[in-house]
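All remarks here apply to the structure that follows.
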Amino acid sequence: MAAIGAELRLRLDGLKGDARVRSLLQNVVNRIDSTVLDEINPSQAQSALGLIRTSFRQAMDLLEKPERVPGWAYEDPVILESQGQVSRLIVRGIQAAAAQRPDLTSTLQEPGTFLDAGAGVGWLAIEAAQSWPALRVVGVDCWRPALDLAHKNLAQSALAERVEFRLQRIEELTDAAVFTLAWLPAPFIGEEAMAIALKRVHQALQPGGWLIVGLYPPPPDELGQILTKLRIVRSGGHPWTATEIQEWLRTVAFESIETFSPMPPVLFVL
């Protein structure tokens, strides 16, 4: 992963690097898949690099602070920005889901408001506003260091009139019948908070509005499953299963519930 990330950085930043090291980095990539980095656009490359960076930084945090109380309390701007770059992939996932659901396509193309719960540094909200010009975007997050970066990222875009960030927990949402689409990253929501969060989101959606709940799909091997749970719990969330989320949604009176996996790292319940 470090070798792939290094090659991505060299390509994205237009750097040559040491010829011997560069040759070996390219050999590593070629042994994996000679075309894997040639088939992605710059936005996808940034997301891939973000995934590698945040994985390494969070692993180092675990190594250096194994006694730390669980919670998303990172102040390292590299972790926050990298995690935000990864979140941009969610827009691609929603587009893939919409390709099979005409009602969702209409929601994305018509005037409305998209709720981004857990907005972080704002890249998902910014990507959504760029991808769906008819939508306004409201991002809520309770972690001020992340939102401070979100405001800076938004200021460097041309989308400030269509994107709003709030310092707010999703459980404290008070909007009623405002949003046409909501995104909820379940792995970052604790066990006690989920029931309140879903009720607040249900209240905040317009009749016929969509909720997309994101999950990490369970890896096929037992060790992978345990490591995924460790990552989630350490970040302050709960390792929800798709079945558990579906049961919660039925309890809150959501209808037409289904699952969809637009890409390997994420599973949607919508």
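The values are calculated or read from the model by the stated rules, or taken from the named source; none is laboratory data. Since the model is a prediction, treat every value here as computed from it, not as a measurement. We place every Cβ from the backbone using ideal geometry, glycine too, and count neighbours over all the protein chains shown. We work out accessible area using only protein heavy atoms, side chains counted, and drop any ligands, DNA or RNA first. Shrake-Rupley method; radii C 1.70, N 1.55, O 1.52, S 1.80 Å.
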Distance in nm between A2 and R101 label points, each 7 Å along Cα→Cβ, equals 4.1
Taking only protein heavy atoms and a 1.4 Å probe, what accessible area per residue, in Å², does the stretch 188-234 have with all protein chains in place?
56
With Cα coordinates, the longest principal axis of the chain makes an angle with the long axis of helix 89-98, in degrees rounded to 10, of 50
Could you order F254, F114 so the one with the most accessible surface comes first? Probe is 1.4 Å.
F254, F114
Accessible surface of M1 - all protein chains present, 1.4 Å probe, nearest 10 Å²:
120
At a probe radius of 1.4 Å, what is the per-residue accessible area of I189, in Å² to the nearest 10?
20
Counting DSSP beta bridges with both ends in the stretch 125-263, the antiparallel % (nearest 5)
0
Proximal lysines to K65, defined as alpha-carbon separation beneath 19 angstrom and excluding residues fewer than eight positions away on the same chain:
K229
Cα pair distances of the stretch 66-131 binned at 5 Å [whole percent]:
3, 15, 22, 20, 15, 10, 7, 5, 2, 1
Apply the Karplus parameterisation 6.51 cos²θ - 1.76 cosθ + 1.60, with θ equal to phi minus 60°, to every residue of the stretch 140-148 and state each ³J(HN,Hα) to the nearest whole Hz, in sequence, with x for glycine and proline.
10, 7, 9, 9, 4, x, 6, 5, 4
Largest-first ordering by accessible area, 1.4 Å probe, given options Y216, Y74
Y216, Y74
Within the chain: Cβ-based charge dipole about Cα centre, in debye rounded to nearest 20 (Lys, Arg +1; Asp, Glu -1)
540
For helix 19-33, report the angle its Cα long axis makes with the longest principal axis of the Cα atoms of the chain; keep it between 0 and 90° and round to the nearest 10°.
50
What share of Cα pairs, in percent, lie more than 13 angstrom apart in the stretch 195-250?
68
Of all DSSP beta bridges in the chain, what percent run antiparallel (nearest 5)?
25
Accessible surface, 1.4 Å probe, highest first, among residues L63, L154:
L63, L154
According to the square roots a ≥ b ≥ c of the eigenvalues of the Cα gyration tensor, what is the shape class of the stretch 23-181, taking rounded for a/c under 1.5, prolate for a/b larger than b/c otherwise, and oblate for the remainder?
oblate
Expected unfolding gain across A158-L24 under the 0.36 nm per residue rule, minus the alpha-carbon gap, is 44.3 nm
Considering amide H positions built from the backbone, and no H for Pro or chain starts, which residues 5 or more places from A182, or on another chain, come under 5 Å of its amide H?
L115, W210, L211, I212
As a test question: what accessible area, to the nearest 10 Å², does T241 have when a 1.4 Å probe is rolled over all protein chains in place?
70
Extension length gain for N41 and S235 (0.36 nm per residue less Cα distance), in nm, is 66.9 nm
Karplus-derived 3J(HN,Hα) from phi for the stretch 65-79 (6.51 cos²θ - 1.76 cosθ + 1.60, θ = phi - 60°), whole Hz, x at Gly and Pro, runs 9, x, 8, 4, 5, x, x, 7, 10, 6, 10, 4, x, 5, 4
Output ³J(HN,Hα) for the stretch 218-224: one whole-Hz value per residue in order, computed from phi by the Karplus curve 6.51 cos²θ - 1.76 cosθ + 1.60 with θ = phi - 60°, and x for Gly and Pro.
x, x, x, 9, 5, 5, x
Amide H contacts under 5 Å for G139, placed H, 5+ residues apart
D116, E164, F165, R166
Computed helical MRE - 222 nm, the chain, DSSP H runs ≥ 4 contributing -39500 (n - 2.57), nearest 500
-16000 deg cm²/dmol
Can you list residues whose amide H is under 5 Å from V121's amide H, if they're 5+ apart or on another chain and H is modeled 1.01 Å from N?
G84
